[in-house]
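Quick note: the coordinates plus some simple rules give every number you see, no bench work behind them. This structure is a prediction, so every number in the text was calculated from the model and none was measured. Note that each Cβ is placed from the backbone with ideal geometry, even for glycine, and that neighbours are counted across all protein chains shown.
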Amino acid sequence: MSFRELTSDKPADASHAHAYTWDLPTPPEVGTRVWVPGSDDRPAAATVAAVDASVPRGYTLAELKAITRLITAQEIADAKAKVAADRDAWLDMARRAAGLAVAGRARTKPPSGFDPIPPADGTASARKAGEFGRVWWRAFKQAEEAGRDPEEISAYRAIAHRWYAIRDKG
């Protein structure tokens, strides 16, 4: 099994896979998405990377943990919807910081996995300006991937370049 986030389309990697037993009624197939006990025994999403009946060297069959269950298409869809909602909330925070109109209320705290939105202008040390530019560049790329308004995309790109120019002068 290769551990993979529910939203990951990255193929399973057999060279970095972990062994589990398969007690489910349907036979395993490479690419099948499953829940497995993680290192802390909490459910972890994984993808079948290889189907091999042998027990890895240094283990006994009794030492291997079993697959918990298949991941449903609804679980994947729900995870993708949450990622999109978090991205959109973060981009709305960036819109507000960039001085662009935001419909409704924008969050003040970024979703998990997202950086706080830095200022759109001002002064900063070269190091700090580089950090600010990196966050605005991420907003630019995220907005582009999400198909957001061209004005918004352009604004984030310009802000990132402005911070990078300050970084490069330092």
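Which of the residue pairs Lys80/Lys109; Lys65/Lys141; Lys10/Lys65 have a Cα-Cα distance greater than 31 Å in the structure shown? Show your work: numbers first, answer last.
Details: Lys80/Lys109 21 Å; Lys65/Lys141 40 Å; Lys10/Lys65 24 Å.
From Lys80/Lys109; Lys65/Lys141; Lys10/Lys65, over 31 Å: Lys65/Lys141.
When the chain is fully extended, how far beyond the present Cα-Cα distance does Arg57 get from Gln74, taking 0.36 nm per residue of separation? Mind dumping the intermediate values first?
On the way: separation 17, 0.36 × 17 = 6.12 nm, distance 3.65 nm.
Length gained, Arg57 through Gln74: 2.5 nm.
Loop-only trypsin sites (Lys or Arg not before Pro) in the stretch 58-110, please: DSSP not H, G, I, E or B, and at most 15 other Cβ atoms within 10 Å.
Numbers: sites: Lys65, Arg69, Lys80, Lys82, Arg87, Arg95, Arg96, Arg105, Arg107; in loops: Lys65, Arg105, Arg107.
Listed in order of number, the matching sites are Lys65, Arg105, Arg107.
Could you bin all the Cα-Cα distances of the chain into 10 Å bins starting at 0 and give me the percent of pairs in each, rounded to whole numbers?
Histogram of Cα-Cα distances, whole percents per bin: 10, 28, 21, 18, 16, 7, 0.
Please find the FRET efficiency linking Thr108 to Ala158, where r is the Cβ-Cβ separation and R0 is fixed at 25 Å, and quote it to the nearest 0.05. The partial results should precede the final answer.
Working: r = 24 Å, r/R0 = 0.95.
Once rounded, the FRET efficiency stands at 0.55.
List every residue whose amide H lies under 5 Å from the amide H of Ala44, counting only residues 5 or more places away in sequence or on a different chain, with H placed 1.01 Å from N in the peptide plane.
Those lying under 5 Å, H to H, from Ala44 are Val36, Gly38.
GNM, the chain, Cα, under 10 Å: largest mean-square fluctuation among Leu91, Leu70, Leu61?
Judging by the Gaussian network model, the answer is Leu61.
By a straight-distance test (C-alpha under 18 Å), which lysines pair with Lys128 as possible cross-link partners, with residues fewer than eight away in the same chain excluded?
By straight Cα distance, Lys128 reaches Lys169.
Along Cα→Cβ, 7 Å out, is where each label goes; now give me the distance between the ones at Ser125 and Lys169 in nm to one decimal.
Going by the 7 Å Cα→Cβ label model, 1.8 nm.
If the only charges are +1 at each Lys and Arg Cβ and -1 at each Asp and Glu Cβ, what is the size of the charge dipole of the stretch 30-122 around the Cα centre, to the nearest 20 debye? It would help to have the intermediate numbers written out before the result.
Values: 13 positive and 11 negative charges, 46 e Å.
About 220 debye.
Which chymotrypsin sites (Phe, Trp or Tyr not before Pro) from the stretch 55-124 combine a DSSP loop assignment with at most 15 other Cβ atoms within 10 Å? Let's see the in-between values first.
Numbers: sites: Tyr59, Trp90, Phe114; in loops: Tyr59, Phe114.
Answer in residue order: Tyr59.
Relative to the longest principal Cα axis of the chain, at what angle does helix 126-146 sit, 0 to 90 degrees, rounded to 10?
70
Distance from a point 7 Å along Cα→Cβ of Ala89 to each backbone N in the stretch 101-132: keep the residues under 13 Å and list them by number.
105-115, by backbone N distance to the label point.
Counting Lys +1, Arg +1, Asp -1, Glu -1, what net charge surrounds Ala14 among other residues with beta carbon under 15 Å of its beta carbon?
Values: positive: Arg4, Lys10; negative: Asp13, Glu29, Asp52.
Residues near Ala14 contribute -1 overall.
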